[in-house]
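Accompanying notes for the structure given below.
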Amino acid sequence: MEFKIRYSNTLVMNIFAIIVAIFFAIMNFISPIAKHGLSHYLYIGWLLIAIARFLIYRKYIYFGVKNKAVLTVDEICIYDMIKNTKYYWSDIKEVYEKNAYLYITLYNPVEYLNNFHSPIKKYFAKRRINSKKRTPYYINIDVVNVNPNVLLELLDDYSIEAAQ
């Protein structure tokens, strides 16, 4: 079963923040008032804010514009298309929802470390695995167009089917 993107308040506000930061950068760059001293370079700060936010939310924007599914659940795996990661039912120990995130606990979490493309994210994932505090594998279901309770029931059904 495929789930498409949901335009939550958080997602819309972050896209709006990107637009506002770009607007302020342009206004600061062309403003005759900000042509003297350090105030002329304020547009660089606004551009950095816009770029940082865009880098975080670029995949959500892409999947929203293309109207593609962001999450697929079937009897074989949970496929998070945003992170391009498949969590196979044979590897999953537990799935739970907390604060609009779907946390996935794995039997052998070290096998999935190669799914982290950033060395910084991989480093922090290793630390979380070693400390056993919280799983580093999660899916943001705030942007998935589904009720979390319905999703958990569906995941429970598929996990039972996979176990048989």
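Assorted remarks:
- Near Ile18: Cβ cut-off under 13 Å, other residues only, Lys/Arg at +1 and Asp/Glu at -1. The net charge is +2.
- Phe16-Glu161 FRET efficiency (beta carbon distance; Förster radius 41 Å; 0.05 resolution): 0.50
- At R0 = 35 Å, FRET efficiency that the Cβ-Cβ distance of Leu38 and Tyr7 yields, to 0.05: 0.40
- Residues whose amide H lies under 5 Å from that of Met81, counting only those 5 or more places away or on a different chain, are Leu71, Thr72; hydrogens are built 1.01 Å from N in the peptide plane.
- Cβ-derived FRET efficiency at R0 25 Å, Ser31 paired with Ser118, nearest 0.05: 0.10
- Here segment 35-163 is assigned +1 on the Cβ of each Lys and Arg and -1 on the Cβ of each Asp and Glu. Its dipole about the Cα centre then comes out at about 1120 debye.
- Applying the Karplus relation 6.51 cos²θ - 1.76 cosθ + 1.60 with θ = phi - 60° to segment 150-155 yields 3J(HN,Hα) values of 5, 4, 5, 5, 5, 5 Hz, where x marks Gly and Pro.
- Derived scalar couplings between HN and Hα for segment 70-77 equal 9, 9, 10, 10, 8, 6, 9, 7 Hz in order, rounded to whole Hz, by the Karplus curve 6.51 cos²θ - 1.76 cosθ + 1.60 (θ = phi - 60°), x for Gly and Pro.
- Checking every one of the trypsin sites (Lys or Arg not before Pro) in segment 115-160 against DSSP loop status and a limit of 16 other Cβ atoms within 10 Å picks out Lys132, Lys133, Arg134.
- Using a cut-off of 21 Å between Cα atoms, the listed pairs Lys83/Lys121; Lys4/Lys93; Lys4/Lys86 include Lys4/Lys93 as exceeding that distance.
- Three-way shape label, segment 2-66, alpha-carbon gyration tensor, a/c 1.5: prolate
- Considering only Ser118, Pro148, Asn130, the residue lying farthest towards the positive end of the dipole of segment 109-150 is Asn130, judged by Cα position with unit charges set on Cβ.
- Spatially, segment 98-117 and segment 18-65 are offset by 33 Å when compared through their Cα centroids.
- Computed label-point distance, nm, for sites Tyr101 and Asp74 using a 7 Å Cα→Cβ extension: 2.8
- Aspartates and glutamates with Cα under 15 Å of Lys68, excluding same-chain neighbours fewer than 8 positions away: Glu2, Asp80
Computed from the coordinates by the stated procedures, all read-outs in this text should not be read as laboratory data. Only a predicted model underlies this, so the values are computations on that prediction, with no experimental measurement involved. Methodologically, a virtual Cβ is constructed for each residue, glycine included, from the backbone with ideal geometry; neighbour enumeration extends over all protein chains shown.
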